[in-house]
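Trainee: A single structure is presented below for examination.
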Amino acid sequence: MRIAIDWKKRGREALLLAGISLFLAFVRPYGSNSNAPFLLNFGIWLLLIFSGSIVGELTVAAYYRLRPNGPAWLMIMITSLVTAAGVTFVIYALTFLTGGYIRVGDGPIHIIYFYVLVIAIAMTLTGYTVSRAFGVAGPDFATEADDKDSVSKFLHRLPVRFHSADLWAVTSEDHYCRVYTSLGSDLILIRISDVDRELADADGLRVHRSWWVARKGVARAERTDGKLKLILHSGEDVPVSRSYQAAVKHAGFAS
């Protein structure tokens with residue numbers, strides 16, 4: 001398994017998380033580390049926020065692997081609960097390792113968990129909203145060793161649930177294009193000609209004036225009345241234009 005990382009995107013996310021940590025260190029919510037120096041308090045919140053971000057990303061990826069068509073509200077609820085549990089564990093670990101000097105909030109564990117859950121819900125909702133609007137959040141893990149960076153970048157046009165999917169095909173629908181993946185499909189605002197250009201380095205090709213198909217998306221090829229078509233793993237029939245048949249055969253998509 002190969003990890004494809006968009007370092008510019010990760011840098012922007014790191015700056016955003018650092019800004020949130022700086023804000024929390026300044027306001028010291030729930031009386032956290034009220035006697036600690038500001039820089040130490042900032043470092044603590046930085047650790048907690050980054051820990052929560054990592055747990056949250058892993059939870060989102062796991063959720064959509066197990067439930068590709070699961071509702072967003074359930075993803076947000078599960079991610080918030082799991083993230084809060086992870087961060088609460090880190091808080092108690094810090095308290096134990098420092099002999100009680102570092103404390104984030106006071107009270108029994110269920111009260112601390114509730115405090116953390118409030119922040120986790122806010123951050124999960126923010127991350128989901130930003131991802132839907134701009135496609136700038138979410139995991140960057142390619143699922144197969146032969147995936148191209150262009151595919152990973154293209155999938156980041158879609159909501160976060162699709163970022164770790166396998167790209168199967170793209171077809172034009174009016175002014176939009178429908179993207180078929182191993183985790184379902186969704187519409188994005190783009191022209192098929194731009195799709196062909198952006199995916200020029202990917203293992204796929206244009207097979208019709210309105211279709212681009214990835215090799216790993218093709219289950220089989222069929223010929224009916226002299227007309228060639230490709231069948232995707234999701235069951236969709238993809239027509240192959242006569243002008244593209246030679247290229248499709250040459251690429252090994254059909255015999």
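Quick note: the coordinates plus some simple rules give every number you see, no bench work behind them. Being a predicted model, the structure only gives us computed values, none of them experimental. With ideal geometry, Cβ positions are generated from the backbone for all residues, glycine too; neighbour counts draw on all protein chains shown.
Trainee: To the nearest 0.05, what FRET efficiency results for PHE114 and LEU40 with a Förster distance of 25 Å applied to their C-beta separation?
Mentor: Calculated transfer efficiency: 0.55.
Trainee: Quick one: which residues, 5 or more positions from ALA219 or on another chain, have an amide H under 5 Å from its amide H? H modelled 1.01 Å from N in the peptide plane, none for Pro or chain starts.
Mentor: When sequence neighbours closer than 5 places are left aside, the close amide H contacts are ILE231, LEU232, HIS233.
Trainee: Ok, one more. If you plug each phi of segment 112-120 into the Karplus form 6.51 cos²θ - 1.76 cosθ + 1.60 with θ = phi - 60°, what whole-Hz ³J(HN,Hα) values come out, in order, with x for Gly and Pro?
Mentor: So the J values, rounded to whole Hz, are 4, 4, 5, 4, 5, 4, 4, 5, 4.
Trainee: Here's another thing I want to ask about it. Between PHE96 and SER241, with labels modelled 7 Å along Cα→Cβ, what's the label distance in nm to one decimal, could you check?
Mentor: Reported label-point gap for PHE96 and SER241 is 6.4 nm.
Trainee: Quick check: pseudo-label points 7 Å beyond the Cα along Cα→Cβ at ASP225 and ARG12, how many nm apart are they?
Mentor: Reported label-point gap for ASP225 and ARG12 is 4.9 nm.
Trainee: Shifting gears a bit: What length, rounded to one decimal in nm, is gained on full extension from GLU173 through to MET77, with 0.36 nm per residue of separation minus their alpha-carbon distance?
Mentor: Net length gain for the segment: 31.3 nm.
Trainee: Give me a comma-separated list of calculated 3J(HN,Hα) values for segment 11-27, in order, Karplus coefficients 6.51, -1.76, 1.60 applied at θ = phi - 60°, integers in Hz, x for any Gly or Pro.
Mentor: x, 5, 5, 5, 5, 5, 5, 5, x, 5, 5, 5, 5, 5, 5, 6, 7
Trainee: Which whole-Hz ³J(HN,Hα) couplings does segment 85-96 yield from phi under the Karplus relation 6.51 cos²θ - 1.76 cosθ + 1.60, θ = phi - 60°, glycine and proline marked x?
Mentor: Per residue, the Karplus-derived 3J(HN,Hα) values read 5, x, 5, 4, 4, 4, 4, 5, 5, 5, 4, 5 Hz.
Trainee: From the Cα gyration tensor of segment 144-237, with a ≥ b ≥ c the square roots of its eigenvalues, which class applies: rounded if a/c is under 1.5, or else prolate if a/b is larger than b/c, or else oblate?
Mentor: In terms of gyration-tensor shape, prolate.
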